[in-house]
1. Restricting attention to segment 152-179, report how many residues are part of a helix (DSSP H, G or I) and of a type in the set (Phe, Trp, Tyr).
2. Just one of the numbered conditions (1) surrounded by 11 or more Cβ atoms within 10 Å (Cβ to Cβ); (2) among the basic types (Lys, Arg); (3) within 20 Å of Ser23 (Cα to Cα) is not true of Lys57; which one?
3. Only one of Glu78, Glu67 is of a type in the set (Asp, Glu) and touching a Leu at 6+ places or on another chain (Cβ under 8 Å); which?
4. Can Ala179 be described as buried (at least 19 other Cβ atoms within 10 Å of the Cβ), in contact with a Lys or Arg (Cβ under 9 Å, 6 or more places away or on another chain) and under 24 Å from Ile102 (Cβ atoms)?
5. Out of segment 87-139, which residues are assigned by TED's automatic domain parsing to the domain that holds Val173 and outside any helix (DSSP H, G or I)?
6. Would you confirm, using the coordinates I've provided, whether Ser55 is at pLDDT below 95 and either closer than 27 Å to Thr182 by Cβ or in a strand (DSSP E or B) (or both)?
Amino acid sequence: MLRAFVIAVLLIASTSHVNSQTSPQEILLMSGKKIKAKIVSRDSIYMHYDLHKNSGKVKEGRKIDMERVFAVYNQDGEEEVIYYMDTALGNFFSVDEMRFYIQGEQDAMRTYKANWTFFIGIPIAVGAGLAASSSIFIFLVPAVTMVALSIPKYKIKTSRISSPTLASEPAYVLGYEHAARTKRVSKSLVSGIVGTAIGFAIGQSAFK
């Protein structure tokens, strides 16, 4: 009876150990994005890992620059910070400031939509595309639209972010604006291309 009990305990411990070894870790990037992965190895330049997708599939043999990694979390959630402050490398923030910066990026990715760029950008690009439909300058319309829509100030809605007090942290604000700008520029460019194409099509059909 005692022998069976000991064997059962050993089996449970062994299974638990195997699961902890195979469970994916989490890599937090400087961009605020997270990667579920099993870290295989790393050196001063690269971190090699197997990517664990949400579907359950595993893609082996991936690597990422170490300078893009902020921290790594093991299966128990314990953190190992990779980032360090070094102005020679362009790392001007302290570790705590970088945390705020990344949190700002994550909040912007989660809450900032920039859908207004479609409602404003497409009509503007349609008009500009129509006016320049017979000119070589029509190729500049999407770029001009993108730049114009990137100018307005980025407003942080304190009711939608992780904590209203974060809006007073300079590093958080910079991170939020960086991610918001990336999203707005991308959508502005798309609206510029779509609007220009519509304007060009209308212009060409009108002059037939």
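The values are calculated or read from the model by the stated rules, or taken from the named source; none is laboratory data. In this text the structure is predicted, and so the values were computed from the model without any measurement. Neighbour counts are summed over all protein chains in view; Cβ atoms, including those assigned to glycine, are modelled from backbone coordinates with ideal geometry.
1. So in segment 152-179, the residues part of a helix (DSSP H, G or I) come out as 164-168, 170-179.
Those left that are additionally of a type in the set (Phe, Trp, Tyr): 172, 176.
Result for segment 152-179: 2.
2. The number of the failed condition is (1).
3. Details: Glu78 fails: touching a Leu at 6+ places or on another chain (Cβ under 8 Å).
Being of a type in the set (Asp, Glu) and touching a Leu at 6+ places or on another chain (Cβ under 8 Å) holds for just one of Glu78, Glu67, which is Glu67.
4. no
5. Those that are assigned by TED's automatic domain parsing to the domain that holds Val173 and outside any helix (DSSP H, G or I): Tyr112, Lys113, Ala114, Asn115, Ala132, Ser133, Ser134, Ser135.
6. Values: at pLDDT below 95: yes; either closer than 27 Å to Thr182 by Cβ or in a strand (DSSP E or B) (or both): yes.
Spelling it out, Ser55 is indeed at pLDDT below 95 and either closer than 27 Å to Thr182 by Cβ or in a strand (DSSP E or B) (or both).
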